[in-house]
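The values are calculated or read from the model by the stated rules, or taken from the named source; none is laboratory data. The structure presented is a predicted model; accordingly, all values stated were derived computationally and were not measured. Neighbour counts are summed over all protein chains in view; Cβ atoms, including those assigned to glycine, are modelled from backbone coordinates with ideal geometry.
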Amino acid sequence: MSSRYQKLTERVLGLAGVKINGSNPWDIQVYDERFYKRAITEVELGMGESYMDGWWDAENIDALIFRIVRADLQEKLRRNYKVALQLAGFYLINMQSRRKAFEVGERHYDLGNELFQNMLDKRMNYSCAYWKDAKTLDEAQENKLELICKKLYLEPGMRVLDIGCGWGAFGKYAAEKYNVETVGITVSKEQVELGRKLCGGLPVEFRLMDYRDVNAPKESLRKKFDRIVSVGMIEHVGYKNYREYFSIANKCLKDNGLFLLHTIGDVRSLKSTDAWTHKYIFPNGMLPSVAQLGKAIEGLFVMEDWHNIGADYDKTLMAWYDNFKNSWNKIKDKYDERFYRMWKYFLISSAGAFRARSRNQLWQIVLSKNGILGGYQSIC
């Protein structure tokens, strides 16, 4: 039985130029023959879990995943019935309901601030950097923050809503450089606790809440905002809720305001994420498509500007991995070896996927409520 799965695995991977126990840095070295069956029958979940279990390795996993994504092997294997059954729940259930909203905060963002402090840049941006004219991660992340501020045409005294504020990187930068006030919301207790310390003394407010509660009950959140920014958050909203998400943003924004959405996107309209990412990294997450976003904003916003910087995420993720690897000895007492392999696989396989360019993208979209008279002046 195992030889049948082995032959099938070799044949499928061969379509991407990947060999079993080959000499190329992207070739898979197999240490446990059970890998073959799991890779074929469970696809992404089987690949990820068997890597965590030490059943296989590759010198350059990012190069391996680049080849797999570029050859579209996932889609070919996802058509088998076992995988279809695993994904059925995403279609039948609202995986991003209000009741489930805090799961990703508890299971991902609350893994420990020390982990993220050692992995991210000095401002703790947990989203794609902008590497134009930048040599370091710190420079690239400041570039991204400056790019967002310029696209929003921030002016002193403006009030900005930050949906999915993280540890307050945008709020702190915008307050320091542009003299604006921000209200940030997040579903992570750890982010609120550390964010308040990092932004102490600045007009940066943190709220632990789901975006669906943004209009209530506090009076300060009922006042409309001059600007709205949402960086790397809509990936947790889900296709069943996109329309509600944009409806809430519309209600929160002044008629002459601007809304910048920074999001990972997929070139296909999907209704689920892969099983490994759902189980271990981002529970209930999914990536929107151009069509899904377009349908959700119809009648609510005018799309003023759409900028794709997806190629920059490869470099960002590899920088995060280098930081994680180099700081592991500082934090390993709080985790275990399986976590190390899981996190390594998450970071560098994601880098390979963005490098492939054929699926994962990163979009910055500027929206207005009624259209900017004379036209929006893009800075790109």
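For the stretch 160-186, the set of residues classified as over 30 Å from ASP322 (Cα atoms), buried (at least 22 other Cβ atoms within 10 Å of the Cβ) and of a type outside the set (S, T, N, Q) consists of VAL160, LEU161, VAL180, VAL183, listed by residue number. In the stretch 331-364, of all residues being of a type in the set (S, T, N, Q) and not in a strand (DSSP E or B), the one that is nearest to the chain's Cα centre (by Cα) corresponds to SER350. One residue is enough: does the stretch 213-225 have a residue meeting the conditions surrounded by 18 or more Cβ atoms within 10 Å (Cβ to Cβ) and among the charged types (D, E, K, R)? No, the conditions are met nowhere in the stretch 213-225.
Applying a threshold of 6 Å to beta carbon distances and a minimum spacing of six or more residues, or different chains, the list of pairs starting in the stretch 293-317 at a residue that is in contact (Cβ under 8 Å) with a residue 40 or more places away in the chain and assigned by TED's automatic domain parsing to the domain that holds SER350 and ending at one that is part of a strand (DSSP E or B) and β-branched (Val, Ile, Thr) reads GLU304/VAL366; ASP305/VAL366; TRP306/ILE365. Considering the stretch 1-54, and only residues there that are of a type in the set (A, V, I, L, M, F, W, C) and under 20 Å from ILE281 (Cα atoms), the residue that is surrounded by the fewest Cβ atoms within 10 Å (Cβ to Cβ) turns out to be MET52.
Could we say that GLY257 is in contact with a His (Cβ under 6 Å, 6 or more places away or on another chain) and either crowded, with 17+ Cβ neighbours inside 10 Å or assigned by TED's automatic domain parsing to the domain that holds VAL69 (or both) here? It is false that GLY257 is in contact with a His (Cβ under 6 Å, 6 or more places away or on another chain) and either crowded, with 17+ Cβ neighbours inside 10 Å or assigned by TED's automatic domain parsing to the domain that holds VAL69 (or both).
Every residue, every condition in (1) among the β-branched types (Val, Ile, Thr); (2) within 17 Å of LEU64 (Cβ to Cβ); (3) assigned to a helix (DSSP H, G or I); (4) free of Cβ contacts under 8 Å to residues at least 24 places away in the same chain, yes or no:
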residue: SER3; (1), (2), (3), (4): no, no, yes, yes
residue: LYS7; (1), (2), (3), (4): no, no, yes, yes
residue: ALA16; (1), (2), (3), (4): no, yes, no, no
residue: SER23; (1), (2), (3), (4): no, yes, no, yes
residue: GLU44; (1), (2), (3), (4): no, yes, yes, no
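Out of the residues in the stretch 286-345 that are surrounded by fewer than 14 Cβ atoms within 10 Å (Cβ to Cβ) and touching a Gly at 6+ places or on another chain (Cβ under 8 Å), state the one that is nearest to LYS369 (Cα to Cα). The selected residue is VAL302.
Of the residues making up the stretch 264-288, those that are closer than 16 Å to ARG357 by Cα and either among the β-branched types (Val, Ile, Thr) or modelled with pLDDT under 90 (or both) are ILE264, VAL267.
Among the residues in the stretch 350-373, are any closer than 26 Å to GLU244 by Cα, in contact (Cβ under 8 Å) with a residue 12 or more places away in the chain, of a type in the set (Gly, Ala, Ser) and touching a Gly at 6+ places or on another chain (Cβ under 7 Å)? No; the residues of the stretch 350-373 include none that is closer than 26 Å to GLU244 by Cα, in contact (Cβ under 8 Å) with a residue 12 or more places away in the chain, of a type in the set (Gly, Ala, Ser) and touching a Gly at 6+ places or on another chain (Cβ under 7 Å). All of (1) over 21 Å from VAL366 (Cβ atoms); (2) surrounded by 21 or more Cβ atoms within 10 Å (Cβ to Cβ) hold for PHE246 with one exception: (1). Residues in the stretch 152-208 that are at pLDDT 95 or above, in a loop (DSSP other than H, G, I, E, B) and either among the β-branched types (Val, Ile, Thr) or touching a Leu at 6+ places or on another chain (Cβ under 9 Å) (or both): LEU152, TYR153, MET158, TRP167, GLY168, ASN179, VAL180. Being of a type in the set (Lys, Arg) and modelled with pLDDT under 95 holds for only one residue in LYS122, LYS135, LYS76, LYS144, and it is LYS76.
Would you mind telling me which numbered condition in (1) out of contact with any helix residue (DSSP H, G or I) (no Cβ under 8 Å at 6 or more places or on another chain); (2) crowded, with 16+ Cβ neighbours inside 10 Å; (3) not charged (D, E, K, R) GLY157 fails? Condition (2) is where GLY157 drops out. Look through the stretch 116-138, keep the residues that are within 26 Å of LYS279 (Cβ to Cβ) and more than 17 Å from the chain's Cα centre (by Cα), and return whichever of them is surrounded by the most Cβ atoms within 10 Å (Cβ to Cβ). Within the stretch 116-138, the match that is surrounded by the most Cβ atoms within 10 Å (Cβ to Cβ) is GLN117. Any residue at all in the stretch 319-329 that's of a type in the set (A, V, I, L, M), under 22 Å from ALA58 (Cβ atoms) and modelled with pLDDT under 95? Checked the stretch 319-329: no residue is of a type in the set (A, V, I, L, M), under 22 Å from ALA58 (Cβ atoms) and modelled with pLDDT under 95.
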